[in-house]
1. Give the aspartates and glutamates whose C-alpha is closer than 14 Å to that of residue 33, dropping any in the same chain fewer than 8 places away, or say none.
2. Take the residue pairs 111/166; 104/249; 25/150; 105/188; 105/277; 41/310 and return only those whose Cα atoms are more than 20 Å apart.
3. Can you give the Kirkwood hydrodynamic radius of the chain from its Cα pairs, in Å with one decimal?
4. When Lys and Arg each count +1 and Asp and Glu each count -1, what net charge do the other residues less than 14 Å away from residue 101, Cβ to Cβ, add up to?
5. Scattering from the C-alpha atoms of the range 108-196 alone, worked out with Debye: what is log10 I(q)/I(0) at q = 0.11, 0.22, 0.25 1/Å?
6. So for the range 191-324, what are the equivalent ellipsoid semi-axes in whole Å, largest first, each being the square root of 5 times an eigenvalue of the Cα gyration tensor?
7. Given the whole protein assembly as supplied and a 1.4 Å probe, what does the accessible area of residue 190 come to in Å², nearest 10?
8. Test of understanding: given the chain, find the longest segment containing no chymotrypsin sites (Phe, Trp or Tyr not before Pro) that are in a DSSP loop and have at most 16 other Cβ atoms within 10 Å.
Amino acid sequence: MSNQVTVIMYHFVRELPYTRFPAIKGLLVSQFKNQLDYLSKYYQFVTINDCLEGIYHNRSLPKNSALLTFDDAYIDHYTEVFPILDERNIQGVFFPPAKAIEEKKVLGVNKIHFLLASMDINCLIQELYLCIDKYRDQFSLNTNEYYYNKLACESRYDTKEVIFVKRLLQNELDEQARNLIIGELFAKHVSADEVAFSRELYMNIDQLRCMVRNGMYIGSHGYDHYWLDKLPREKQESEIDLSLKFLTKIGVNIDEWIMCYPYGSYNDSLIDILKEKNCKIAFTTRVDIAMLNRSNALSLERLDTNDFPKESNISPNIWTRKVI
Ligand SMILES: [Zn+2]
């Protein structure tokens, strides 16, 4: 018995070849089922309540505990993931971006995903350069070469060109400039009807309520899906308050609640706010097996679905060997 838990993060889980955007990066439903078969062989699935007991009531968990988390409330989490988890009696933990659902918007980060899935990367970069040229004076933007040299470098999963686009549009340009540019490119190359696209992309409030009623756990993912460490304290607080209001609306008891930091980003002032408002567990995107205890309950590590096999008959991999 122990206090460690392998928390696994999922985003898109869909039959990509049969969708309008087959180039979106995600897990096929068949791969998801295979991965659950693999995990079932070596792990014991636990619930949020088990984790709370482990942290706050000294209850030991099995050494090979696993918890499944799903970010951004994509519709596939309702149509594909929920029935599979329900059938196998596994609790999933879901983190909806409240504003996107309440106001029928598409998150900037998702607009970027769908742009990348709709266009050749070099064409996209050329279009971005034209946008930067257009807005350079208005927003005091740097040269195209400056941004490329600063931001383009390969990551665990992406080429340097893709990382350049993501970093430029998620973070580097100021909010107003990047929203203008992302909005223009999304309308031109993906969809001019953001409301309809949002309805197609995310779960709605009734679907979230249905999942809560059926034993799934829904936590806060902020309101506007901001990098929360970049906001002043008052804005952090309003992000959390709005997200809690949303959770109440879908039937979540917020006497004690769970957070997942968008992009894994947080800082000390945010942690103070979470403590004041009785948040009991918060997940980051730091890559490791999480150790449950009071001192790190608000900064728990997670692994990614890509860290595990997508076929069932595979011998235990490096992460699994650490816990069995
Ligand atoms: Zn997210």
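The values are calculated or read from the model by the stated rules, or taken from the named source; none is laboratory data. Since this is a predicted model, take the numbers as computed values, not measurements. Neighbour counts are summed over all protein chains in view; Cβ atoms, including those assigned to glycine, are modelled from backbone coordinates with ideal geometry. Each accessible area value is taken on the protein alone, full model and side chains, heavy atoms only, with ligands, DNA and RNA left out. Shrake-Rupley method; radii C 1.70, N 1.55, O 1.52, S 1.80 Å.
1. Cross-link targets: 15, 76, 80, 86, 87, 311.
2. On the way: 111/166 10 Å; 104/249 16 Å; 25/150 25 Å; 105/188 16 Å; 105/277 27 Å; 41/310 13 Å.
Long pairs (Cα-Cα over 20 Å): 25/150; 105/277.
3. In the chain this quantity evaluates to 20.6 Å.
4. On the way: positive: 99, 104, 105, 199, 209, 245, 249; negative: 71, 72, 102, 103, 194, 200, 206, 224.
It works out to a net charge of -1.
5. Each listed q maps to, in turn, -0.27, -1.13, -1.44.
6. Three semi-axes, in Å: 27, 22, 16.
7. Here the residue's solvent-accessible area equals roughly 30 Å².
8. On the way: sites that count: 157, 227.
Result for the longest clean stretch: 1-156.
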